[in-house]
Amino acid sequence: MDAIVKTFPNAEKEEKATEKRARPSREEAEAAVRTLLLWAGDDPDREGLIETPQRVVKAYREMFAGYDMDPQEVLARTFEEVAGYEDMVLVKDISFHSHCEHHMVPIIGKAHVAYLPDKRVLGLSKIARVVDIFAQRLQTQEAMTAQIADAINEALMPRGIAVMIEAEHMCMAMRGIRKQGSTTITTTFTGSYRDDPTEQARFISMVRNGNAA
Ligand SMILES: Nc1nc2c(ncn2[C@@H]2O[C@H](COP(=O)(O)OP(=O)(O)OP(=O)(O)O)[C@@H](O)[C@H]2O)c(=O)[nH]1
Ligand SMILES: [Zn+2]
């Protein structure tokens, strides 16, 4: 507990500050894009760029739509009639696009999400929707992995959750260190996936080979 307090001394204050911070208007956001075009060294008044601020702001609304969505709303509906099925449910290769919070450039990857039901199950598409909600925010891969597990845990309280994300960070490929094709892998395991090495190994094997062998 102490460590948490020391690591995030201002977490609560920051959360409140974010709540209070008003969103700028569309016009203000477009003006900011115009400033960036000038900063890049181009002429925002030339024909090809004249509508670019509007387009960028529209694209941002779409790419960052996750801020206006509540994962718990998406996960609210669960089903019990599954004929007593209680083994792993794994949705793998969920492709996503996100943006890193350090450079605001794309993170492109795949998420694999599994849980061990405790009577109730989720609609399969809802798992992919939750991945998208968190992907459509500024992210670190670690945070996104933990957030997906947390949201499913809160909604479903299953016996265990396993989340693996494999992604390429364009901030490492297009700039900076410029290493193309490197993949970062992050995992979060809860419940039986955390405590039982066999369950964990079965998840990894099914993600890797498509079977539990
Ligand atoms: N842990 C983690 N790091 C990330 C993620 N996305 C980007 N980064 C890293 O965030 C770090 C930011 O480092 P800084 O030194 O503050 O920024 P920088 O000067 O742009 O760093 P370089 O990328 O090394 O040029 C970089 O090492 C990035 O690779 C992520 O999802 N998780
Ligand atoms: Zn980055």
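Here's the yes/no breakdown for (1) within 16 Å of ligand 2 (Cβ to nearest atom); (2) touching a residue at least 24 places away in the same chain (Cβ under 8 Å):
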{"position": "155", "(1), (2)": "no, yes"}
{"position": "161", "(1), (2)": "no, yes"}
{"position": "171", "(1), (2)": "yes, yes"}
{"position": "185", "(1), (2)": "no, no"}
{"position": "198", "(1), (2)": "no, no"}
{"position": "202", "(1), (2)": "no, yes"}
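Only one of these is surrounded by 12 or more Cβ atoms within 10 Å (Cβ to Cβ), farther than 25 Å from residue 134 by Cβ, away from ligand 1 (no atom under 16 Å from the Cβ) and not aliphatic (A, V, I, L, M): 71, 44. Name it. Spell out how you get there, then give the answer.
Numbers: 71 fails: farther than 25 Å from residue 134 by Cβ.
Just one listed residue meets the conditions, 44.
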For residue 189, all conditions in the list (1) part of a helix (DSSP H, G or I); (2) open to solvent by 20 Å² or more (accessible area, probe 1.4 Å); (3) not small (Gly, Ala, Ser) hold save one; what is the number of the exception? (1)
Within the range 107-133, residues of a type in the set (D, E, K, R) and more than 16 Å from ligand 1 (Cβ to nearest atom) come out as 118, 119, 120, 126, 129, 132
Restricting the range 134-157 to residues that are under 22 Å from residue 61 (Cβ atoms) and in contact with a His (Cβ under 9 Å, 6 or more places away or on another chain), the residue that is farthest from ligand 1 (Cβ to nearest atom): 136
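Take the residues in the range 158-212 that are of a type in the set (Val, Ile, Thr) and away from ligand 1 (no atom under 16 Å from the Cβ), then tell me which one is farthest from residue 141 (Cα to Cα).
Looking only at the range 158-212, we keep the residues that are of a type in the set (Val, Ile, Thr), and these are 161, 163, 165, 177, 183-188, 190, 198, 204, 207.
With the extra rule that they be away from ligand 1 (no atom under 16 Å from the Cβ), the set shrinks to 161, 190, 198, 204, 207.
Numbers: 161: 17, 190: 17, 198: 25, 204: 18, 207: 18 Å.
Step by step, filter the range 158-212, then rank; the result is 198.
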Single residue of 94, 107 found to be among the aliphatic types (A, V, I, L, M), touching a His at 6+ places or on another chain (Cβ under 8 Å), more than 14 Å from residue 151 (Cα to Cα) and surrounded by 21 or more Cβ atoms within 10 Å (Cβ to Cβ): 107
Scan the range 173-183 and tell me whether some residue there is open to solvent by less than 50 Å² (accessible area, probe 1.4 Å) and not small (Gly, Ala, Ser). no
Pairs, first near ligand 1 (Cβ under 9 Å from one of its atoms) in the range 93-106, second aromatic (Phe, Trp, Tyr), C-beta under 8 Å, six or more apart: 98/134
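The values are calculated or read from the model by the stated rules, or taken from the named source; none is laboratory data. None of these values were measured; they are calculated from a predicted model. Here Cβ is always computed from backbone atoms with ideal geometry, including for glycine, and neighbour counts include all displayed protein chains. Keep in mind that these areas ignore ligands, DNA and RNA; they rest on the heavy atoms of the full protein, side chains included. Shrake-Rupley method; radii C 1.70, N 1.55, O 1.52, S 1.80 Å.
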